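Structure, as structure tokens:
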Amino acid sequence: MSNRRLRCALLVTLAMPFAAAQATDIGSVDMNMVIEKSKIGIKVQEQLRKDFEPKAKPLGEQEQSIRQAQAALARDAALMSKDQLDKKQAELKKRIDAFEKAAAPVQQELMKARQERSEEVLAPAQKAVDAVAKQKKLGMIVERNQSGLLFVDKTLDITDDVIKQMDANTK
């Protein structure tokens, strides 16, 4: 009798991983693409752009001016005396330091705003992922870009389905 139970236990133990493997499919989703291409994501990105473009435009112009000065210095350095070169490099360093000091608060404010506004996209995205997973009978969904996956078969990617689901629920 104990030999028979042992055989049954062994068969059940061996069969369980196969049954579990067949019942659980895996999908992947690219959340960056969901944020970029869904209606809600596009709306949030446009709002952030509208809010921060006035602050970023002068910084962009200042950055471009610094890059031009760096290029001119690199081009003309061979023709300058050591004192002239040192003076120009010091002036350029001052400009770069001033730029970085002015840009840092704007960058921090933008990052904070992005993080806060990302909740407007992520909550509906999670609902859409759940709905698509149930519809496709998936047991697990992995985030394609942050899971350390080096390869995911494109047939497992549900990103487009998630975007369609989100857009269908967006007014």
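Since every read-out is calculated from the coordinates, none of them should be taken as a lab result. Just so we're clear, the structure is a prediction, and the values are computed from it rather than from any experiment.
Amide H contacts of N145: M31, each under 5 Å away and 5 or more positions distant or on a separate chain (H built 1.01 Å from N in the peptide plane; Pro and chain starts excluded). Quick query: amide H of D25 versus all other amide H atoms, modeled in the peptide plane; which residues come in under 5 Å with a sequence gap of 5 or more or a different chain? Placed amide hydrogens put G139, M140 under 5 Å from D25. Is there a pair in K50/K88; K55/K93; K37/K57; K50/K112 whose C-alpha atoms are over 27 Å apart, and which pairs would that be? Check vs 27 Å cut-off fails for K50/K88.
Put simply, the convex hull of the Cα atoms in the range 25-169 casts, on average, a shadow of 12.2 nm².
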